[in-house]
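A.B. asks: Here it is, the structure in full.
The values are calculated or read from the model by the stated rules, or taken from the named source; none is laboratory data. Since the structure is predicted, the reported quantities are computational estimates derived from the model, not experimental observations. Because the Cβ atoms are built from the backbone with ideal geometry, glycine has one as well, and the counts that use them run over all protein chains shown. To get the accessible areas, we keep the full protein, side chains included, count just its heavy atoms, and leave off ligands, DNA and RNA. Shrake-Rupley method; radii C 1.70, N 1.55, O 1.52, S 1.80 Å.
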Amino acid sequence: MSWFTEFPHMSDEALRDLRKVIDDGFREFTRAWGGTFETMFEPLRQFLIQSERLMLATPWPVMLAVVGAIAWFASRSWKIVIGSILTLLIIGYFDMWEDTMRTVSMIFVCTVVAIALGIPIGILMARSNRMQSVMNPILDVMQTMPSFVYLIPVVMLLGIGRVPGVIAVVIYAIPPMIRLTNLGIRLVDKDVLEAADAFGSSSWQKLKNVQMPLALPTIMAGINQTIMMALAMVVIASMIGVQGLGQPVLRAINNQYFTMGMFNGLAIVGIAIIFDRVSQAYGRRLQKHLEIVHG
């Protein structure tokens, strides 16, 4: 009755051989193509380095003024502006300014990459049901795979450093950008599209002048979720050399430093709240503007 109580499975030897074949194959692939991938991602590394240098070199009063201006432009709310500046002042007062700027620069780069890749893929999904049926299972895997697993192939391929961390963060954070871009375009009213067809709009003109503007609030929600998920990966990415607020948290975990972990964790929360409030307020402004314009 062992067949009834024990689930039938591959023999240990066969399973070990299968894993060995896959591992050896991936190692051979990394040896053969690792240098090519490093060269391919060199512009991304330079983008990250220059972004980090810019934020670290900018005097803190100027950075606070820039953050305040962005918050005001996006929200038109003095509460959000004052809250954002006050949060950064508290972070800086507790000697976490440089790590915060490194984290913000990484999130900025990851968000730009996620937008550059996610919006075109979302548009393709919205225009093709076949593309959507292919991408949905891939996105499901990307969203449910444990985040630590992303680090394994990336580190084997590119080693430890900033670029592997950015790639792992982008893989983890990009699915909401793709899904909500697809959803926003698909939710555009068909009557509006028919009116655009009646005026002789081409496919590109409909996308640029009708679908994308009407889908923008939903796309902004995708950007918001991408930023939140990228911030959630900060501590995990610090395990492969990404500098910022995640590294002190990792040291605190390893050495049981409660206060260090708590302060840097709260700093990450503070940045997340700033990004969340500003992007949500901007999305609401876009929604109200489009309701006024389109009735």
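A.B. asks: Where only protein heavy atoms count, and the probe is 1.4 Å, what is the accessible area per residue for the chain in Å²?
C.D. replies: On the way: 17130 Å² over 295 residues.
With the other protein chains kept in place, the chain gives 58 Å² per residue.
A.B. asks: Relative to the Cα centre, what is the charge dipole magnitude of the chain, using +1 at the beta carbon of each Lys and Arg, -1 at the beta carbon of each Asp and Glu, and rounding to the nearest 20 debye?
C.D. replies: On the way: 23 positive and 20 negative charges, 163 e Å.
That gives the chain a dipole magnitude of about 780 debye.
A.B. asks: Round to a whole angstrom and tell me the spacing of the C-alpha centers of the range 40-116 and the range 130-174.
C.D. replies: A separation of 24 Å, based on Cα centres.
A.B. asks: Among Asp95, Asp276, Asp17, which one shows the biggest mean-square fluctuation in a GNM of the chain, springs joining Cα atoms closer than 10 Å?
C.D. replies: Looking only at Asp95, Asp276, Asp17, the largest GNM fluctuation is found for Asp17.
A.B. asks: Can you check how the C-alpha radius of gyration of the range 13-88 compares to 2.2 N^0.38 Å, as a plain ratio? Provide the component values of the computation, followed by the final result.
C.D. replies: On the way: Rg = 23.5 Å, N = 76, 2.2 N^0.38 = 11.4 Å.
Its radius of gyration relative to the 2.2 N^0.38 Å reference: 2.06.
A.B. asks: Restrict the search to the range 1-56; then list the GluC sites (Glu not before Pro) that DSSP places in a loop and that have at most 10 other Cβ atoms within 10 Å of their Cβ. Before the final figure, lay out each step's value.
C.D. replies: Numbers: sites: Glu6, Glu13, Glu28, Glu38, Glu52; in loops: Glu6.
Loop-located and lightly packed - Glu6.
A.B. asks: Further question on the same structure: Name the residue, out of Asn224, Asn182, Asn209, whose mean-square fluctuation peaks in a Gaussian network model built on the chain with Cα pairs under 10 Å.
C.D. replies: Per the Cα network of the chain with a 10 Å cutoff, Asn209 tops the list.
A.B. asks: Leaving ligands, DNA and RNA out of it, report the carbon-plus-sulfur percent of the accessible area of the range 168-295 at a 1.4 Å probe. All intermediate terms of the calculation are to be shown ahead of the outcome.
C.D. replies: Numbers: 3890 of 6400 Å².
C and S fraction of accessible area: 61 percent.
A.B. asks: Given springs between every Cα pair under 10 Å in a Gaussian network model of the chain, which of Pro61, Pro176, Pro120 has the largest fluctuation?
C.D. replies: Highest fluctuation of the listed residues: Pro61.
A.B. asks: At 18 Å minimum axial length over the Cα atoms and a Kyte-Doolittle cut of 1.6, report the qualifying DSSP H helices in the chain, or say none.
C.D. replies: Numbers: long enough: 12-40 (40 Å, -0.70); 42-57 (22 Å, 0.05); 60-75 (22 Å, 1.76); 78-93 (22 Å, 1.86); 97-127 (44 Å, 1.33); 129-144 (23 Å, -0.17); 212-232 (29 Å, 1.32); 258-294 (53 Å, 0.50).
Correct list, ordered by number: 60-75, 78-93.
A.B. asks: I want to check a number: in the chain, how many lysine pairs have alpha carbons closer than 26 Å, given a sequence separation of 8 or more or different chains? Intermediate values should be presented prior to the final figure.
C.D. replies: Details: Lys79/Lys288; Lys190/Lys206; Lys190/Lys208; Lys190/Lys288; Lys206/Lys288; Lys208/Lys288.
For the chain, qualifying lysine pairs total 6.
A.B. asks: How would you order 231-242, 124-135 from highest to lowest mean count of nearby Cβ atoms within 10 Å?
C.D. replies: Working: 231-242: 21.7, 124-135: 15.0.
The packing order, highest mean first, is 231-242, 124-135.
A.B. asks: Give a quick list of chymotrypsin sites (Phe, Trp or Tyr not before Pro) in the range 49-130 that DSSP marks as loop, anything other than H, G, I, E or B, with at most 14 other Cβ atoms within 10 Å. Please report the intermediate quantities before stating the final value.
C.D. replies: Working: sites: Trp72, Phe73, Trp78, Tyr93, Phe94, Trp97, Phe108; in loops: Phe94.
Here the sparse-neighbourhood loop sites are Phe94.
A.B. asks: For percent of Cα pairs over 37 Å apart, pick the label among (1) 38; (2) 27; (3) 32 that corresponds to the value derived from the coordinates.
C.D. replies: Computed from the coordinates, percent of Cα pairs over 37 Å apart corresponds to (2).
A.B. asks: Quick one: net charge around Thr30, please, counting Lys, Arg +1 and Asp, Glu -1 for every other residue with C-beta under 14 Å from its C-beta.
C.D. replies: Numbers: positive: Arg27, Arg31; negative: Asp23, Asp24, Glu28, Glu38.
So the environment of Thr30 carries a net charge of -2.
A.B. asks: Right, another one. Give me the percent of accessible area attributable to carbon and sulfur for the range 1-123, probe 1.4 angstrom.
C.D. replies: Exposed carbon and sulfur together represent 69 percent of the surface.
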